[in-house]
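Data block below; observations after.
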Amino acid sequence: MLRAISMSRVRKFFRLPHGERWLLLKAALLLGAIRIGLRLLAFQTLKQLLDSASQPRSASEFSSDQIVWAVIAASRYVLGDKPCLVQALAVQLLLKRRGYPASLRIGVARKGRGELQAHAWVESEDSVVIGGGDLSRYKPFSAFDGESNKQHYSI
């Protein structure tokens, strides 16, 4: 679901430095591809494809904060509800491609009457870079670091 973009936002986009515009466009395309991939592929298959695409290319001209900013900004126009998994997968790939460490975490919390709520976030250098907030209520069950297909279960 793409949202309409106002002319003021278009002008603001074109005032960004060239590199930031390119990063924002990459983030938007990646978010769309991941969203489609989650609908068409098994999660493990999609994760393997993303891991193979996340090999470091070169030192980044962007900080990890700029990468997270681009994904969040693009998400407003590319994603609908519940974007945490799509955002987390995109941030992990973009960080790893630029040489930053990044681990995808997925956790669950009891919502009530036996319902579970899942949430995804990314940790880099011992801090949460996207998907933060009150994570204490989530029981992490996997770490997908992209360096191997090992899954670490703590349930």
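Bear in mind that the values in this text are calculations on the coordinates, not laboratory data. Given the structure is predicted, the values throughout are model-derived calculations rather than measurements. For neighbour counting, all protein chains shown are included, and Cβ atoms are generated from backbone atoms with ideal geometry for every residue, glycine included.
Below is a table of values for the structure above.
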| item | result |
| --- | --- |
| Chymotrypsin sites (Phe, Trp or Tyr not before Pro) restricted to DSSP loop in the stretch 61-115 with at most 12 other C-beta within 10 Å | none |
| Extension gain, D126 back to R39 (0.36 nm per residue minus Cα-Cα distance, nm) | 28.2 nm |
| Highest-first arrangement of 97-108, 36-47, 19-30, 112-123, where packing means the average Cβ count within 10 Å | 97-108, 19-30, 112-123, 36-47 |
| 14 Å beta-carbon shell around R57, net charge (K/R +1, D/E -1) | +3 |
| Flagged links, alpha-carbon separation over 22 Å, of K26/K47; K12/K47; K96/K139 | K12/K47; K96/K139 |
| Simple spin-label estimate for Q117 and R11 in nanometres, 7 Å along Cα-Cβ | 4.0 nm |
